[in-house]
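Enquirer: The structure follows.
Just so it is clear, none of the values below were taken in a lab; they were calculated from the coordinates. Fair warning: this is a prediction, and the values are worked out from it, not measured in the lab. Neighbour counts are summed over all protein chains in view; Cβ atoms, including those assigned to glycine, are modelled from backbone coordinates with ideal geometry.
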Amino acid sequence: MKSASRLDQAIAKLYNAFNNNTLHPECSKNCAVGNILDNSDFWKHISDNHGSLQLNYVGLVNQKIGKRFNGYTPYELLQIEAVFLKACNYELPFHHQNKKPKNPTDKDVLFKGLSAVVSFLCQLDGIDNVMDYSKIFKLKNGTPFYELNEILI
């Protein structure tokens, strides 16, 4: 039996967090990376600032020895979190004095963050963005270019 890819697992975890109202940008266990890492917050020790792309000593050591967490390198985890926070309208790095959304758990805010993360995860794995629905509206000579079942499979 083939195991699910890191992308499939990450999307499933983020989907569940979004729909169970447990996705929260300001909580290291419930943010994008926290959810991908099974609601763990150990990842916050690979950088000195939430939302930073700068690995600290611990992060650099883990990166250099090739350590992966649920399939992602320390640097990829920082990138994922930065994409999430930026799309949720945070000024990075996250700090109480920096710009942030009025309601960080608003579904529209979280959906923007979730969409950006899924797009980035697809980019990391070199596949088309699964959130891109533009194909269903593509026309050729006034008729749909694709059948809907072609796109959904």
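Enquirer: Can you list residues from other chains, or at least 5 along the same chain, whose modelled amide H is less than 5 Å from the amide H of S47?
Expert: Close amide H contacts, sequence-distant or interchain: N56.
Enquirer: Still on this structure, I have one more. Quote the charge dipole size of the chain about the Cα centre in Debye, to the nearest 20; the model charges only the Cβ of Lys and Arg (+1) and of Asp and Glu (-1). Don't jump to the answer; show the numbers that get you there.
Expert: Working: 17 positive and 15 negative charges, 23 e Å.
In total the dipole reaches around 100 debye.
Enquirer: Sticking with this structure for a sec: Please give the contour-minus-distance gain from D48 to T105: 0.36 nm per residue of separation, less the Cα-Cα distance, rounded to one decimal in nm. Please list the in-between numbers first.
Expert: Values: separation 57, 0.36 × 57 = 20.52 nm, distance 2.41 nm.
Full-extension gain reported as 18.1 nm.
Enquirer: Let me ask something else about it. For L92 and V61 in the same chain, what is the full-extension length gain: residue separation times 0.36 nm, less their Cα-Cα distance, in nm?
Expert: Details: separation 31, 0.36 × 31 = 11.16 nm, distance 2.36 nm.
Net length gain for the segment: 8.8 nm.
Enquirer: Still on this model: What order do you get for I36, I80 when you list them from fewest to most C-beta neighbours inside 10 Å? Walk me through the numbers before you get to the answer.
Expert: Details: I36 29, I80 23.
Placing the least packed residue first, the sequence is I80, I36.
Enquirer: Another one. Given R₀ = 41 Å, FRET efficiency for N141-N20 by Cβ-Cβ distance, to 0.05? Show your work: numbers first, answer last.
Expert: Values: r = 44 Å, r/R0 = 1.08.
Calculated transfer efficiency: 0.40.
Enquirer: Given only helices, namely DSSP H runs of n ≥ 4 each adding -39500 (n - 2.57), what is the per-residue ellipticity at 222 nm of the chain, to the nearest 500 deg cm²/dmol? Show your work: numbers first, answer last.
Expert: Values: 6 runs with 64 residues, N = 153.
Only helices count here, giving -12500 deg cm²/dmol.
Enquirer: For a footprinting-style exposure proxy, rank L23, L114, L92 by other Cβ within 10 Å, fewest first. List each step's numbers first, then the result.
Expert: On the way: L23 28, L114 23, L92 16.
Ordered from fewest to most neighbouring Cβ atoms within 10 Å, L23, L114, L92 come out as L92, L114, L23.
Enquirer: From the residues Q63, G34, A116, which one has its Cα farthest along the dipole of the chain in the positive direction, the dipole being from +1 and -1 charges on Cβ of Lys/Arg and Asp/Glu about the Cα centre?
Expert: Going by the charge dipole, the pick is Q63.
Enquirer: May I pose another question? Go through [x] 16.5; [y] 18.4; [z] 15.3 and flag the label whose value is the computed Kirkwood radius over Cα pairs in Å for this structure.
Expert: [x]
Enquirer: Which entries in the list K29/K112; K29/K99; K64/K102 go over 31 Å, if you measure between the two C-alpha atoms of each?
Expert: Values: K29/K112 19 Å; K29/K99 21 Å; K64/K102 38 Å.
Table pairs above 31 Å Cα-Cα are K64/K102.
Enquirer: Length gain on complete extension for the stretch C27 to Q123, per 0.36 nm per residue less the alpha carbon to alpha carbon distance? Kindly include the intermediate steps, with their values, before the conclusion.
Expert: Numbers: separation 96, 0.36 × 96 = 34.56 nm, distance 2.50 nm.
Gain in length upon complete extension: 32.1 nm.
Enquirer: With only Lys, Arg, Asp and Glu charged, each at its Cβ (+1 for the first two, -1 for the last two), find how big the charge dipole of the range 43-122 is about the Cα centre; round to the nearest 20 debye. Present the calculation step by step, with values, prior to reporting the outcome.
Expert: Working: 10 positive and 6 negative charges, 10 e Å.
Computed about the Cα centre, the dipole is about 40 debye.
Enquirer: Only Cα pairs under 8 Å and at least 6 apart count here; give the relative contact order of the range 1-116 as a rounded whole percent. List each step's numbers first, then the result.
Expert: Details: 161 pairs, mean separation 26.2, N = 116.
Relative contact order comes out at 23 percent.
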